[in-house]
1. Go through the residues of the stretch 31-47 one by one and say whether even a single one is in a strand (DSSP E or B) and over 19 Å from the mean Cα position of the chain (by Cα).
2. Which pairs turn up if I take residues in the stretch 11-37 that are farther than 20 Å from THR75 by Cβ and look for partners that are open to solvent by less than 60 Å² (accessible area, probe 1.4 Å) and among the charged types (D, E, K, R) with beta carbon separation below 7 Å, at least 6 apart in sequence or on another chain?
3. Which one of SER143, SER149, SER168 is open to solvent by less than 20 Å² (accessible area, probe 1.4 Å), in contact with a strand residue (DSSP E or B) (Cβ under 9 Å, 6 or more places away or on another chain) and under 21 Å from GLY44 (Cα atoms)?
4. Which of the residues belonging to the stretch 140-185 are on the phi > 0 side of the Ramachandran plot and within 17 Å of the chain's Cα centre (by Cα)?
5. Could you identify the single residue in GLY157, GLY169 that is free of Cβ contacts under 8 Å to residues at least 40 places away in the same chain, touching a Ser or Thr at 6+ places or on another chain (Cβ under 6 Å) and over 20 Å from TRP112 (Cα atoms)?
6. Based on what the data block shows, is LEU222 assigned to a loop (DSSP other than H, G, I, E, B), surrounded by 24 or more Cβ atoms within 10 Å (Cβ to Cβ) and out of contact with any helix residue (DSSP H, G or I) (no Cβ under 7 Å at 6 or more places or on another chain)?
7. Which members of the stretch 100-140 meet the condition of being buried (at least 19 other Cβ atoms within 10 Å of the Cβ) and charged (D, E, K, R)?
8. What are the residue pairs meeting all of these: first residue in the stretch 68-87, first residue in contact (Cβ under 8 Å) with a residue 60 or more places away in the chain and under 14 Å from VAL32 (Cα atoms), second residue open to solvent by 40 Å² or more (accessible area, probe 1.4 Å) and not in a loop (DSSP other than H, G, I, E, B), Cβ atoms under 9 Å, and 6 or more apart or on different chains?
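The values are calculated or read from the model by the stated rules, or taken from the named source; none is laboratory data. Keep in mind that this is a model prediction, so the values were computed, not measured. Note: ideal-geometry Cβ built from the backbone for every residue, glycine included; neighbour counts use all protein chains shown. Quick note on the areas: whole protein, heavy atoms, side chains included, nothing else; ligands and nucleic acids left out. Shrake-Rupley method; radii C 1.70, N 1.55, O 1.52, S 1.80 Å.
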Amino acid sequence: LTSSGAVKTWGANNSGQLGDGTVINSKTPVNVSGLLSGISAIAGGASHSLALTSGGAVKAWGANNDGQLGDGSKTNSTTPVGVFGLSSGIAAIAAGGFHSLALTSGGAIKAWGLNDNGQLGNGSFTSYTTPVNVTTLTSGVTSIAAGQSHSLATATGQAAWAWGLNASGQLGDTTVIRKNSPVEVFGLSSGITALSGGGYHSLALTTNANVKAWGQNTEGQLGNDSTWNATSPVDVSSF
């Protein structure tokens, strides 16, 4: 994202995820078609991309086999398309592996795309090609994040919430059971200022500048000097 509000992309483009109207890979940055100004935020999924306009609209492009572009179809797009119903009023976006999230200016969450593990958070395991409402967190949400097949949010009181795939404990609720609606992350009911979702693990930044991590740890991605998965938050050693 440039300081003038344009979007540049590079890398794999087999599904049109670079948004330049082609499916040709690029080793150097190319312009995203139609997004030469007016963009305030960007997000990237496995093979799809999202952009938020300064007017609060969401654009999407790339792979769409699971409806992750949110335009009501399952057709890939090599150029940005508008997400159905999200032409204004959106404050933030996040892209998971094959699903997408948007935070409304009213503090609610919209989700669309693959939902095989409940990562859309609407109480079902049905995938959607247009946005649906995340249950439980209908107001007061301040930030969102997405992992490969799970989703995260902070809400009123700076609490951390999670939903979706949980086989590695990435929801942090002390279980390995997937959830199709938000659950509170164990021990993080307050004091969380930022969240991030990895492939199968999650991170949180606290108000006192500590970092918490949970989920898959086979490669040491939790940073706690072990390779054991954690189903609830642990302290990252260096922080």
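1. yes
2. VAL30/ASP20; ASN31/ASP20
3. Numbers: SER143 fails: open to solvent by less than 20 Å² (accessible area, probe 1.4 Å); SER168 fails: under 21 Å from GLY44 (Cα atoms).
It is SER149.
4. Within the stretch 140-185, GLY164, GLY172 meet the criteria.
5. Result of the check over GLY157, GLY169: GLY157.
6. Numbers: assigned to a loop (DSSP other than H, G, I, E, B): yes; surrounded by 24 or more Cβ atoms within 10 Å (Cβ to Cβ): yes; out of contact with any helix residue (DSSP H, G or I) (no Cβ under 7 Å at 6 or more places or on another chain): yes.
Judged against the criteria, LEU222 is a match.
7. The one that is buried (at least 19 other Cβ atoms within 10 Å of the Cβ) and charged (D, E, K, R): LYS110.
8. Taking only residues 6 or more apart or on different chains, the pairs are PRO80/LYS59.
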